[in-house]
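In what follows, a structure is listed as structure tokens, so that the remarks can point back to it.
The values are calculated or read from the model by the stated rules, or taken from the named source; none is laboratory data. What you see is a predicted model, and the numbers here were worked out from it, not measured in a lab. Note that each Cβ is placed from the backbone with ideal geometry, even for glycine, and that neighbours are counted across all protein chains shown.
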Amino acid sequence: MQTPDDRGFPISLFGGVPPRNPNFTGREDLLAELAHRLAPGARTVLLPEALHGMGGVGKSQLATEYAYRNRARFDLIWWIQAERPVKIINSLVELGMRLGFNAGAESNVAVKQVVDALKDARNVEVPADWLLIFDNAESVADLRPYLPIGGSGHIIVTSRNSQWLTVARPLEVTVFDREESVRALCRRDPDLSEYDGSRLAEALGDLPLAIEQVAAWRVETGMSADEYLELLAERESEMLDVTTAVDYPKSVAAMWDLSLDQLKRTNPSALRLLQACSFLAPEPIPRSMLSYSRNIDTVSELKEALRDRVKLNQAIRDINRLALARIDHRTNSIELHRLVQAIVKGRMRDEERELMHYAALQILSANDPAAPAEPEHWPLYAELESHMRATNAWDSDDESIRTLIVNLTWFLLFWGEHERAVSSVKRTYTRWLDRLGSKHPKTLEIGRLYGTMLWVTGRHEEGARLNTLLLPIHQEIFGEEHENTIDAMSLVAAGYRATGDFDAALALAAANYARCVRYLGDDDPLTLNEAHNLAVSNRLSGRYREALELDRDTVERMTQLFGFMHSVSQHTRVGLAIDMRELGRYREARKQQEAIVREYHELLRPLNPALLRALRHLSVMRRMDGDHQGALEAADTALNGLTTRYGPDHPDALAAALCRSVELRHHGRVGAATDLGQDTLARYARTLGPNHPHTLAAVVNVAVLRRFAGDHEGARALDQSALDSLRHRLGDEHPSSLAAAVNLAGDLHALGDVDQAHELDVDTLRRLTEVFGPAHPTTLGCRANLAKDLRSLGRVDEADRVHRETVNALREAFGHDHPAVAELRDSASRIDCDIDPMPL
């Protein structure tokens, strides 16, 4: 059992490192140089150490041996398969879990937390002295975001890519010197003479991988050095085409050809297994992946191995004996070197290659758990994604392969790799559009998924264009009542919401919901989903009562169908709380939202997006209920979490930033509020456009800050511009237009134009009374401002009466202890309206 160090960490947390090679020999000079470079003392990583050289020279073996020899020297050694980003991410997520971070398995959150923690040399959450080994790194650009430069540990990168020579401290790994080659050969066969060992090494170009393979092969076959060299020479001419492609000495490729012939004679099933695996990635292939493929329809020899556990074990054992693959008994997996893969594929006929490529695809599809949203399956999907890329599966006509491609794309989305998800689905959509045509059901399915990905990543205009293009094709192929068409129409409505066309979104959402009720009934899950979406459009259009009625009915039906605590029920319950808030029922809304947030805290991890969005809404409700400290705490948590998860330009993060800016102003931190508000406004304008209603909401809030800073003319210009645009986009009586009008009247009053302020307040009060009723807090706020207009106009008695009636009405609505009552009663300041963007 490991003993914890003085900060509670297990001594030598050791993860992912391949099994130690019991036949490792030589390389003492390179190991000594590594030990010198990574010696204790230098506590900040400035550059990684790059072990570079061609494939097969033993870069990974060298790094593995260093890790085992220095296991006691480091607090943490973590090995990362770095050939593909998905493997890097999966390994860093696992590292975060081992370190006890509570970010969950969503990669974009967990990985950032791990890398940031390792970068900070003072961070007490990570061990003091760590070593990360990124094995088989390809692209410098792909790996750079995952390198914790500046931390207190060390980084080793192994790569064939010469670009690493310019961004790391290079340490070249070349072929064995002759003495090392002979020693490695004689270690397996002590009776081998130094002369014969030298001849074998010469023929193999001293390539360590080839030396290891030949040593194993000779032990297995008992073949003399003379006979082996003779066979090797005979096969050189046959291997010219193969070796030209993979850039290795002809004799090395011929040497593997001899081993493959031996395997074909002794165990044809093993050869077929090797051929199928050669189309997968040069990464560990879990034995379970082969076991789950027992029912695939493929060539008879491979069927025998996959359907019989004993024969499968024998096939893997025979492949291992000839050093054609590396077996990791700890992870129960096999791994082929890319050179072996190239040679195995190179010696197959075209027809045979096609058969075995398809067999590899069948193995992958047989392992699809068909549940990409479930975190327990994410490690498997990460493995499948790497192997799918190697197989170039996107041109496959097999329906199960296409389904796996769709599930892998969903996995990337749920896993948090949003940019990779968009890149993957875009590539798939383009390929299938070209290969299958625009009307094929799979093209349409991946097209809807593409539109969803664009929505999630905040690329609303791009997604809206795609979804609008796809809808008429769905209507033609499936008809109006088909669930695929309903889904496509829902995406178009979402696109309208995202681009700020709330009226068009509402009309389409209402038609879609009516269609669901007509064809599917009130209680169908798809109908309930569309009911939720219609309520969203109602809220954005300012129709809060309609949204409330629909959300209340939807929650009841969802609770009966799914349960009160189900995620879809909770999602609509959040919408119901927002409806209550906008109708002025602040305390009731807050109470419901507090309960939902408590449920989320019990069920979800701290950085779950549903929890973070719920906290943003709770912040607004606490503010409106007078709890400014609680509001700021919720706003801080929501903003930090959503920015970590999505970046600062995502609509959810922008809404949280605007929320925090408003709350900072209520705390009197006008400078910080202004900085954040201005930055958020600029981001809104850049991402959603300058005339989007959410951007205009940010304009209104920044205008309030301008007035607080004494820039009354600047505030008036912003409010006037926002009011004109909001009326044009949403209408004169939309709540956001009315809020802007309330604030503009305040600007006019501050500038001394009391007559215009009074005229605007009278008109706005009339509209607010019609929209919300006379007792709504916003209506009462406008009445309080009107009292101040009257006082400035010298109509003191009337002003006192209006002010007194307003305070009494607010006290009746909120109670004597609400801070807003005391503020309205005692303050000479005007009431300002904040605008909090509704969820899109």
Residue count for the stretch 148-166, restricted to those that are more than 19 Å from F74 (Cα to Cα) and either free of Cβ contacts under 8 Å to residues at least 40 places away in the same chain or surrounded by fewer than 16 Cβ atoms within 10 Å (Cβ to Cβ) (or both): 5
Residue match in the stretch 89-101 (condition: part of a loop (DSSP other than H, G, I, E, B) and in contact with a helix residue (DSSP H, G or I) (Cβ under 6 Å, 6 or more places away or on another chain)): yes
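Here is a yes/no grid of residues against (1) in contact with a Cys (Cβ under 6 Å, 6 or more places away or on another chain); (2) within 28 Å of H776 (Cα to Cα); (3) at pLDDT 95 or above; (4) not small (G, A, S):
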residue: A682; (1), (2), (3), (4): no, no, yes, no
residue: N701; (1), (2), (3), (4): no, yes, yes, yes
residue: V704; (1), (2), (3), (4): no, yes, yes, yes
residue: A715; (1), (2), (3), (4): no, yes, yes, no
residue: A722; (1), (2), (3), (4): no, yes, yes, no
residue: D763; (1), (2), (3), (4): no, yes, yes, yes
Residue count for the stretch 284-333, restricted to those that are at positive phi and of a type in the set (A, V, I, L, M, F, W, C): 1
Cβ-Cβ under 8 Å pairs, at least 6 apart or on other chains, the stretch 720-736 side closer than 16 Å to E770 by Cβ, far side surrounded by 15 or more Cβ atoms within 10 Å (Cβ to Cβ) and among the polar types (S, T, N, Q): R727/S737; L730/S541; L730/S736; L730/S737; G731/S737; H734/S541; P735/T778
Test: residue in the stretch 654-661 that is in a loop (DSSP other than H, G, I, E, B), closer than 26 Å to Q570 by Cα and among the small types (G, A, S): no
Residue list for the stretch 408-426, restricted to those being under 22 Å from I363 (Cβ atoms) and surrounded by fewer than 21 Cβ atoms within 10 Å (Cβ to Cβ): W410
Any hit, the stretch 287-296, residues being surrounded by fewer than 23 Cβ atoms within 10 Å (Cβ to Cβ), in contact with a Lys or Arg (Cβ under 8 Å, 6 or more places away or on another chain), within 28 Å of I88 (Cβ to Cβ) and of a type outside the set (K, R): yes
Count - residues of the stretch 728-757 that are under 41 Å from the mean Cα position of the chain (by Cα) and small (G, A, S): 6
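Taking the stretch 285-328 as the search range and keeping residues that are in a loop (DSSP other than H, G, I, E, B) and closer than 19 Å to K345 by Cβ, which one is nearest to the chain's Cα centre (by Cα)? Outline the logic, then answer.
So the first thing to find is which residues in the stretch 285-328 are in a loop (DSSP other than H, G, I, E, B), and the list is 292-299, 308, 322-325.
Those left that are additionally closer than 19 Å to K345 by Cβ: 298-299, 322-325.
Numbers: T298: 36, V299: 39, L322: 41, A323: 38, L324: 36, A325: 33 Å.
Here the answer is A325.
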Hits in the stretch 582-622 - residues which are touching a His at 6+ places or on another chain (Cβ under 8 Å) and at pLDDT 95 or above: L583, Q593, R622
Within the stretch 660-683, tally of residues that are touching a residue at least 12 places away in the same chain (Cβ under 8 Å) and farther than 19 Å from T637 by Cα: 5
Of all residues in the stretch 391-407 being within 22 Å of the chain's Cα centre (by Cα) and among the β-branched types (V, I, T), the one that is surrounded by the most Cβ atoms within 10 Å (Cβ to Cβ): I405
Filter result for the condition that a residue is surrounded by fewer than 22 Cβ atoms within 10 Å (Cβ to Cβ), touching a residue at least 12 places away in the same chain (Cβ under 8 Å) and not hydroxyl-bearing (S, T, Y), over H387, H357: H357
Selection status of L47, at pLDDT 90 or above, in contact with a Lys or Arg (Cβ under 7 Å, 6 or more places away or on another chain) and within 26 Å of K119 (Cβ to Cβ): no
Enumeration of residues in the stretch 102-132 that are of a type outside the set (S, T, N, Q), surrounded by fewer than 19 Cβ atoms within 10 Å (Cβ to Cβ) and assigned to a loop (DSSP other than H, G, I, E, B): D120, A121, R122, V124, E125, A128, D129
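Is the stretch 768-779 home to any residue that is closer than 20 Å to H666 by Cα and of a type in the set (F, W, Y)?
Checked the stretch 768-779: no residue is closer than 20 Å to H666 by Cα and of a type in the set (F, W, Y).
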Looking only at the stretch 441-469, and only at residues there that are more than 24 Å from S400 (Cβ to Cβ) and aliphatic (A, V, I, L, M), the one that is surrounded by the fewest Cβ atoms within 10 Å (Cβ to Cβ): L469
Subset of the stretch 190-215 that is exposed (fewer than 15 other Cβ atoms within 10 Å of the Cβ) and either at pLDDT below 90 or within 49 Å of the chain's Cα centre (by Cα) (or both) - its residue that is farthest from L30 (Cα to Cα): D191
Test: residue in the stretch 406-414 that is without any contact (Cβ under 8 Å) to a residue 40 or more places away in the chain, among the polar types (S, T, N, Q) and assigned to a helix (DSSP H, G or I): yes
Cβ pairs under 7 Å, 6+ apart, first in the stretch 13-33 and of a type in the set (S, T, Y), second buried (at least 18 other Cβ atoms within 10 Å of the Cβ): T25/E180; T25/A184
Single residue of the stretch 593-631 satisfying the filter (crowded, with 20+ Cβ neighbours inside 10 Å and among the charged types (D, E, K, R)) that is nearest to the chain's Cα centre (by Cα): R613
Segments classed as helices (runs of 4 or more DSSP H), wholly inside the stretch 488-580, with at least 2 members that are in contact with a Lys or Arg (Cβ under 8 Å, 6 or more places away or on another chain), touching a residue at least 40 places away in the same chain (Cβ under 8 Å) and closer than 24 Å to Q592 by Cβ: 525-540
Pairs, first assigned by TED's automatic domain parsing to the domain that holds N785 in the stretch 801-814, second charged (D, E, K, R) and assigned to a helix (DSSP H, G or I), C-beta under 7 Å, six or more apart: V802/R783; T806/R783; V807/R825
Only listed residue being over 21 Å from the mean Cα position of the chain (by Cα), under 22 Å from R605 (Cα atoms) and surrounded by 22 or more Cβ atoms within 10 Å (Cβ to Cβ), chosen from A634, A653: A634
Condition broken by A42, with the remaining ones in (1) modelled with pLDDT of 85 or more; (2) of a type in the set (A, V, I, L, M); (3) not in a helix (DSSP H, G or I) satisfied: (1)
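Is it fair to say I296 is more than 18 Å from I363 (Cα to Cα) and either among the hydrophobic types (A, V, I, L, M, F, W, C) or in contact with a Phe, Trp or Tyr (Cβ under 7 Å, 6 or more places away or on another chain) (or both)?
When the stated conditions are applied, I296 does not pass them.
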